[in-house]
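What follows is one structure encoded as structure tokens, with my remarks underneath.
The values are calculated or read from the model by the stated rules, or taken from the named source; none is laboratory data. Keep in mind the model is a prediction, meaning the values are calculated, not measured. For neighbour counting, all protein chains shown are included, and Cβ atoms are generated from backbone atoms with ideal geometry for every residue, glycine included. The area values use the complete protein model at the heavy-atom level, side chains included, leaving out ligands, DNA and RNA. Shrake-Rupley method; radii C 1.70, N 1.55, O 1.52, S 1.80 Å.
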Amino acid sequence: MHPVYPNLFEPLDLGFTQLDNRILMGSMHTGLEDGNHHERLAAYFCERVRGGVGLMVTGGYAPNISGWVKPFAGMLVTSRAARKHKIVTDAVHEEGGKIAMQILHAGRYAYHPLAVAPSKIKSPITPFKPRELSGRGVEKQIGAFVRCAVLAREAGYDGIEVMGSEGYLINEFLVEHTNQRNDKWGGNYANRMRFALEIVQRTREAVGSDFIIIYRLSVIDLIPQGSNWDEVVQLAKGIEKAGATIINSGIGWHEARIPTIATSVPRAAFTWVTEKLKQEVSLPVITSNRINMPDVAEKVLADGHADMVSMARPLLADPEFAIKAKNNRSDEINTCIACNQACLDHTFNSKLSSCLVNPRACHETELNYLTTDKKKRIAVVGAGPAGLSASTVLASRGHIVDLYDAAGEIGGQLNMAKMVPGKEEFFETLRYYNKQLELTGVNLSLNTLVDPSMLSGYDEVIVATGVSPRNPKIPGQDNKRVLSYIDVLRHKAAVGEQVVIIGAGGIGFDVAEFLIHSDASPDVQDSASWLSAWGVADPEDSRGGVVAAKFPKSPRGITLMQRSEGKLGAKLGKTTGWIHRSTLKQAGVAMVGGLSYEEITDAGIKISYNDTNSSAGDETFPADNVVLCAGQVPNRELYDMLVEQLGSNVHLIGGAHEASELDAKRAINQGARLAAKL
Ligand code: FAD
Ligand code: NAP
Ligand code: SF4
């Protein structure tokens with residue numbers, strides 16, 4: 001029995017096969033599933049097998065063209081293609097791992113005109129109206145699922161996962177919201193769930209008894225017209241009877257307006273729904289969503305919420321998650337901060353996935369930190385994410401690294417980010433880097449403002465001095481009621497009841513999020529408060545598990561401003577921007593754009609509207625405080641001085657290199673890539 005995580009490291013006996021532990025790497029779309037990247041996928045999965053994961057699930061493969069998520073997405077329809085998958089499955093098996101292939105039919109969520117669905121009803125999140133399947137068409141889709149599963153077995157997979165949740169095709173058959181048929185596939189619930197049951201039953205008949213079938217079942221739809229609890233239970237029992245090996249939990253349809261995996265969702269916020277289901281079935285159930293550290297996973301299992309825990313993004317962030325936990329090195333885990341910035345946001349922008357905290361994720365064949373045969377003395381100035389990433393990679397490769405920072409702690413701006421309610425996971429990133437500095441032997445000097453005279457004798461110098469706030473040059477900005485985001489977030493300046501925030505980029509939104517909370521506000525990391533704020537209810541009491549949201553109102557009157565026209569926060573993350581906008585709106589934050597700042601006075605801030613046809617004219621917004629969040633400019637003085645002295649041996653990374661559209665993803669990636677080369 002494992003002394004710290006006895007439940008997590010207990011093997012799971014599935015009868016015909018055994019899993020080493022209770023950790024499932026859940027399915028993630030990486031962008032490598034298009035049939036041309038089997039070697040890269042093999043390297044990606046093998047690294048995670050060596051890291052000790054019990055079972056992995058691939059990204060979704062469509063069973064036919066209509067099931068593509070987008071044109072030319074991954075699909076498995078021929079034996080020829082199955083043979084190519086052997087590159088992946090053979091490599092995984094050689095390392096001693098187990099892997100299942102996910103079969104995903106996008107239904108009406110398909111981003112192409114060949115989309116099909118139970119009924120001709122367009123989804124709110126895709127532009128294509130699906131074609132309604134005929135009775136024969138439904139049979140053909142079932143046949144396609146079965147064929148795909150047989151091919152997956154032929155390809156050497158240990159099993160499949162049938163994607164039955166998140167609002168994709170199978171899920172669409174289950175609820176009247178998307179299924180308005182009146183044949184044997186629609187109408188009463190027995191008819192609506194027939195499609196799911198037939199797929200599982202016929203697949204089991206075709207693949208035999210010694211093949212894992214995971215069914216991903218939507219335990220809480222999070223849409224008002226979703227399944228009720230009786231239906232969820234009926235389906236689960238039917239799926240068990242039809243021959244599934246394991247039920248995995250799906251949380252929320254993609255069109256749901258409730259966050260399910262973003263960083264502001266408290267850890268393990270949804271495992272209670274899996275627990276409800278676990279009491280109704282006898283096959284193993286998996287829970288998921290925002291489980292990102294071993295102690296969280298262990299607690300979920302110890303509390304009896306599930307038999308196994310699915311962690312997808314945490315294994316992008318750290319392929320060695322399981323082995324570190326097993327060897328009592330949990331403090332070395334590079335924790336997924338649930339930002340979606342390099343994984344899901346990339347998928348939705350048709351870019352290859354990676355990870356903000358681990359740029360090697362999905363790039364295992366091209367970004368490697370090899371031991372150097374030419375040991376150098378290297379100085380890194382600035383211990384923000386760019387400098388931390390560069391220095392730890394350099395030291396891990398065998399270089400002698402001195403890291404300097406003017407501040408008394410590492411992390412640079414992440415020390416402000418971590419103060420924003422809902423972004424506490426940045427504490428983990430800083431814990432990880434502190435540990436890495438120690439393990440790799442970087443010589444860290446804090447409280448050390450570096451000037452060029454301190455940098456002689458180094459073979460290379462890396463300047464990662466970050467950014468300074470942009471001066472917006474607004475008349476009257478020296479008024480004592482004007483603060484910067486640094487005053488508010490770092491120095492905890494007192495902020496009055498009426499606030500105007502200048503600038504509505506990532507930092508303006510974060511400052512607003514910080515200011516809508518007071519000491520009396522509910523704890524954002526408390527699941528019960530969070531679920532109530534977003535209107536998540538027990539699906540036994542309310543269809544789909546949704547009721548009216550109850551966001552606490554802001555204790556301050558806040559107005560967020562930008563000069564440009566258009567939606568405020570338009571450039572925030574593709575999959576998370578709507579959450580920030582929605583939170584602020586519900587808290588009562590006003591958002592105003594299309595204006596010029598005229599003057600800050602004791603009365604507040606005077607603006608004029610850009611639209612000359614508007615009758616609004618000038619307007620003064622009263623403000624106890626005006627907070628400047630008007631962007632940033634690079635800190636390059638040190639670099640400019642050094643480059644004259646040292647020439648090509650000086651390197652510039654992170655915000656010091658380019659402040660525009662800078663984020664920690666770019667800073668860490670740039671630091672790691674430079675460090676891999678030197
Ligand atoms: P910095 O983090 O600015 O670090 C530079 C370091 O250099 C500092 O520690 C400074 O003390 C040191 N330094 C400067 N000059 C010297 C010198 N002469 N001698 C010694 N030391 C020196 N990004 C995201 O990706 N996701 C987010 O959710 C996110 N949220 C944010 C929220 C807030 C409130 C803020 C302020 C930023 C946020 N960011 C976020 C942005 C992210 O923090 C920055 O992009 C990132 O920190 C830039 O990294 P950097 O290493 O280039 O610079
Ligand atoms: P930003 O996103 O570039 O936003 C700057 C804001 O200031 C804009 O709203 C801009 O709008 C305004 N502005 C620009 N010049 C101005 C001027 N001269 N006078 C007045 N207003 C001006 O930058 P940021 O908010 O400072 O964030 C810095 C970086 O950190 C960003 O690149 C961001 O991606 C990153 N970050 C990311 C996150 C995240 O969650 N991913 C969170 C925080 C920060 P107008 O020009 O229309 O006025
Ligand atoms: Fe987690 Fe962010 Fe990495 Fe995605 S990019 S795996 S959410 S840390």
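So what does L12 come to for accessible area, using a 1.4 Å probe and Å² rounded to 10?
20
If you scale each eigenvalue of the Cα gyration tensor by 5 and take the root, what three semi-axes come out for segment 188-325, rounded to whole angstrom and sorted largest first?
The equivalent ellipsoid of segment 188-325 has semi-axes of 26, 19, 13 Å.
On average, how much area does the Cα convex hull of segment 16-74 cover when viewed from any direction, in nm²?
5.0
At 222 nm, what helix-only mean residue ellipticity would the chain give, in deg cm²/dmol to the nearest 500, using -39500 (n - 2.57) for each DSSP H run of four or more?
-9000 deg cm²/dmol
Could you list log10 I(q)/I(0) for segment 1-139 at q = 0.10, 0.18, 0.22 Å⁻¹, which the Debye formula gives when each Cα is one point scatterer?
-0.44, -1.00, -1.22
What accessible area per residue, rounded to a whole number of Å², is obtained for segment 12-339 using a probe radius of 1.4 Å?
33
Tell me the angle of helix 637-646 to the major Cα principal axis of the chain, expressed in degrees between 0 and 90 and rounded to the nearest ten.
Tilt relative to the chain: about 90 degrees.
Under a cut-off of 16 Å between alpha-carbon atoms, report the aspartates and glutamates in cross-link reach of K376, not counting same-chain residues fewer than 8 places apart.
Here the aspartates and glutamates satisfying the reach criterion relative to K376 are D402, D459, E460.
Could you tell me which of T372, L352, G387 has its Cα farthest along the dipole of segment 336-433 towards the positive end, charges placed at Cβ (Lys, Arg +1; Asp, Glu -1), taken about the Cα centre?
Toward the positive end, the furthest listed residue is T372.
Taking +1 at the Cβ of each Lys and Arg and -1 at the Cβ of each Asp and Glu, which of I291, T58, L277 sits farthest along the dipole of segment 12-339 towards its positive end, judged by Cα position relative to the Cα centre?
It is T58.
Under a plain spin-label model, where a point goes 7 Å from the Cα along Cα-to-Cβ, how far apart in nm are A407 and D295?
Distance between the two pseudo-spin positions: 2.4 nm.
Going by accessible area, probe 1.4 Å, with all protein chains left in place, what is the ranking of D373, D307, D210, D345, largest first?
Of D373, D307, D210, D345, the descending order of accessible area is D373, D210, D307, D345.
Kirkwood Rh over Cα pairs of segment 459-555 into Stokes-Einstein at 4 °C, 1.567 mPa s: D in µm²/s?
The calculation lands on 76 µm²/s.
Using protein chains only and a probe of 1.4 angstrom, how many square angstrom of R470 are accessible, to the nearest 10?
Accessible area, nearest 10 Å²: 110 Å².
How large is the charge dipole for the chain, taken about the Cα centre, if only the Cβ atoms of Lys, Arg (+1) and Asp, Glu (-1) carry charge, to the nearest 20 debye?
1680
Please list log₁₀ I(q)/I(0) at q = 0.06 Å⁻¹ for the chain, using the Debye equation with identical point scatterers on the alpha-carbon positions.
Per q value, in the given order, log10 I(q)/I(0) is -0.37.
Is there a pair in K70/K550; K129/K665; K492/K606; K84/K122; K120/K140; K129/K184 whose C-alpha atoms are over 28 Å apart, and which pairs would that be?
The answer is K70/K550; K129/K665; K84/K122.
Determine, from the Cβ-Cβ distance of D210 and T372 and an R0 of 45 Å, the FRET efficiency 1/(1 + (r/R0)^6), rounded to the nearest 0.05.
Calculated value: 0.40.
So for the pair S330, E658, with labels modelled 7 Å out along Cα→Cβ, what separation do we get in nm?
So the two model labels end up 4.0 nm from each other.
In whole percent, and with a 1.4 Å probe on the protein chains, what portion of the accessible area of the chain is carbon and sulfur?
49
With each label point set 7 Å from Cα along the Cα-Cβ vector, what nm distance links S521 and D183?
Those two pseudo-labels are separated by 5.2 nm.
Can you give me the Rg/Rh ratio for segment 12-339, using Cα atoms for both radii and the Kirkwood formula for Rh?
0.94
Taking amide hydrogens as modeled 1.01 Å from N in the peptide plane, which residues meet the under 5 Å criterion relative to Q632, leaving out close sequence neighbours?
R470
Once the Cα atoms of helix 506-515 and of the chain are each reduced to a long axis, what angle between those two axes, in degrees from 0 to 90 to the nearest 10, is obtained?
Around 90 degrees separate the two axes.
With a probe of 1.4 Å, find how much accessible area segment 599-678 has per residue, and write the answer as a whole number in Å².
Normalised by residue count, the accessible surface of segment 599-678 is 49 Å².
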